[in-house]
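K.L.:
Structure in structure tokens, see below.
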Amino acid sequence: MGKIRARTDEELAARKQEILAAAKEQFMTMSYESITLATIAEKTSISRPSIYHYYDKKECVFADLMIQEYREWGEQLGPLLERRCSQEQFCQTMTDILWGHETLLKLLSLHLPIWDPSYDDPILRHFAKETLFFQNTLKEVVAFQFPDAGSKERNLFLIQFSVYCNSLYETKYLAQNQMDATREMRFLAFIPPVEEICYDGLMKLSAGLLSKE
């Protein structure tokens, strides 16, 4: 039986989810450059020609994949809006959430064409609109958890946090290999786990949110 194109909204959503799942699987085992709509289609029930009915370029696929990751991240931030916690608890929770989003961390580590403002305005507008929920949720979390911080301090943290997240994939994987080699050569007496390094980094970034009193 041939592959059938989606005809209802439910079928369309299911096909797109199938495409995103295949793209995610390939992205974690292949380089971004080597992935095409054709390679993605091969891992789905959708034919090569038909995949263009859902996405006309792979950048659109990865924009939606990142949007999906951001939505999940935003939902996981919910408990941080329910009760205040210590700076240590806040940073540990954020570390745990980030460490659970390997796909997002890898996406953030790449300079993808879709993040270039001159690339394609429709894709950027779509991405900005669909990730607004996450951006607003993160702002609310920071304001709720650090009520004594001023708007300048909160905005600075959000900017620094965004830059910090872009480097976490390399810290988690590439730096780990370097640290393992350093341990074997015994250059340093003790090297903390990479996750602990991430936590310490968040502690330093969030220090500016604490009351000076």
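The values are calculated or read from the model by the stated rules, or taken from the named source; none is laboratory data. In this text, all values refer to a predicted model and were calculated from it rather than measured experimentally. Using ideal geometry, Cβ is built from the backbone for each residue, glycine included, and neighbour counts are taken over all protein chains shown.
K.L.:
Any residue that is more than 25 Å from residue 161 (Cα to Cα) and not in a helix (DSSP H, G or I) - is there at least one of those in region 86-103?
P.N.:
No, that holds for no residue.
K.L.:
When both residues are 6+ apart or on different chains and their Cβ atoms are under 9 Å apart, which pairs have a first residue that lies in region 32-50 and is within 26 Å of residue 105 (Cβ to Cβ), and a second that is assigned to a loop (DSSP other than H, G, I, E, B) and among the aromatic types (Phe, Trp, Tyr)?
P.N.:
Correct list of pairs: 37/52; 37/55; 40/55.
K.L.:
Of the conditions (1) in a loop (DSSP other than H, G, I, E, B); (2) surrounded by fewer than 17 Cβ atoms within 10 Å (Cβ to Cβ), residue 54 clears all except one; give me its number.
P.N.:
Just one mismatch for residue 54, condition (2).
K.L.:
Filtering region 111-161 down to residues that are under 18 Å from the mean Cα position of the chain (by Cα) and part of a loop (DSSP other than H, G, I, E, B), which residue is modelled with the lowest pLDDT?
P.N.:
116
K.L.:
Moving to a separate point now. Could you tell me which of the residues 34, 45 is surrounded by fewer than 18 Cβ atoms within 10 Å (Cβ to Cβ), small (Gly, Ala, Ser) and under 24 Å from the mean Cα position of the chain (by Cα)?
P.N.:
On the way: 45 fails: under 24 Å from the mean Cα position of the chain (by Cα).
Residue meeting the stated conditions: 34.
K.L.:
Residue check: is residue 189 part of a loop (DSSP other than H, G, I, E, B), of a type outside the set (Asp, Glu) and modelled with pLDDT under 95?
P.N.:
yes
K.L.:
Tell me, yes or no, whether region 8-19 has at least one residue that is more than 25 Å from residue 202 (Cβ to Cβ), of a type in the set (Val, Ile, Thr) and at pLDDT 95 or above.
P.N.:
So far as region 8-19 goes, yes, one or more of its residues are more than 25 Å from residue 202 (Cβ to Cβ), of a type in the set (Val, Ile, Thr) and at pLDDT 95 or above.
K.L.:
Any residue that is aromatic (Phe, Trp, Tyr) and in the same structural domain as residue 200 (by TED's automatic domain parsing) - is there at least one of those in region 89-96?
P.N.:
Scanning region 89-96, I find at least one residue that is aromatic (Phe, Trp, Tyr) and in the same structural domain as residue 200 (by TED's automatic domain parsing), so the answer is yes.
K.L.:
Filter region 37-60 for residues that are among the β-branched types (Val, Ile, Thr) and either under 30 Å from residue 91 (Cβ atoms) or at pLDDT below 95 (or both) and give the result.
P.N.:
Residues satisfying the conditions are 44, 46, 51.
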